[in-house]
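Enquirer: Sharing a structure below in structure tokens format, with a few things to ask.
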Amino acid sequence: MRLLLDECIDRKFAREFSGYEVKTVPQMKWAGVKNRQLLALAEVEFDVFITVDRNLSFQQNLPQFNIAVIVLQVSSNRLAD
């Protein structure tokens, strides 16, 4: 399973997913890409997109994209949280 971490998530979080192929948005050279285009790019190469952007589901029509989206409910994007 291929996971993509949003650019707002600490890249060290990838270490928590042993056994999975994990990349970050910056590693893919997609930093700064708007959410709609980012999801379109991600659905081609990844199975899951992980973010802390709570507004994503309100801003985008997620069912139109062929990728699972996980929105982490944390107090901040710090790795400790």
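Quick note: the coordinates plus some simple rules give every number you see, no bench work behind them. Everything quoted here is computed from the prediction, not taken from an experiment. Every residue, glycine as well, gets a Cβ built from its backbone with ideal geometry; the counts of neighbours run over all protein chains shown.
Enquirer: Relative contact order for the chain using alpha-carbon pairs under 8 Å, separation at least 6, rounded to a whole percent?
Expert: Over the chain, the number comes to 36 percent.
Enquirer: Considering amide H positions built from the backbone, and no H for Pro or chain starts, which residues 5 or more places from Arg2, or on another chain, come under 5 Å of its amide H?
Expert: Asp47, Val48
Enquirer: Please name whichever of Ile70, Gly32, Val22 sits farthest to the positive end of the charge dipole of the stretch 2-71, dipole taken about the Cα centre and charges placed at Cβ: Lys and Arg +1, Asp and Glu -1.
Expert: Sorting the options by dipole projection puts first Gly32.
Enquirer: What does the chain give for Rg and for Dmax, in Å, if only its C-alpha atoms count?
Expert: Both quantities, over Cα of the chain: 11.8, 33 Å.
Enquirer: Starting from the Cα-Cα distance between Leu72 and Ser57, subtract it from 0.36 nm times their residue separation and give me the gain in nm to one decimal.
Expert: 4.2 nm
Enquirer: Express in nm, to one decimal, how much length is gained between Phe65 and Leu79 on full extension, taking 0.36 nm for each residue of separation and deducting their alpha carbon distance.
Expert: Extra length from Phe65 to Leu79 when fully extended: 2.3 nm.
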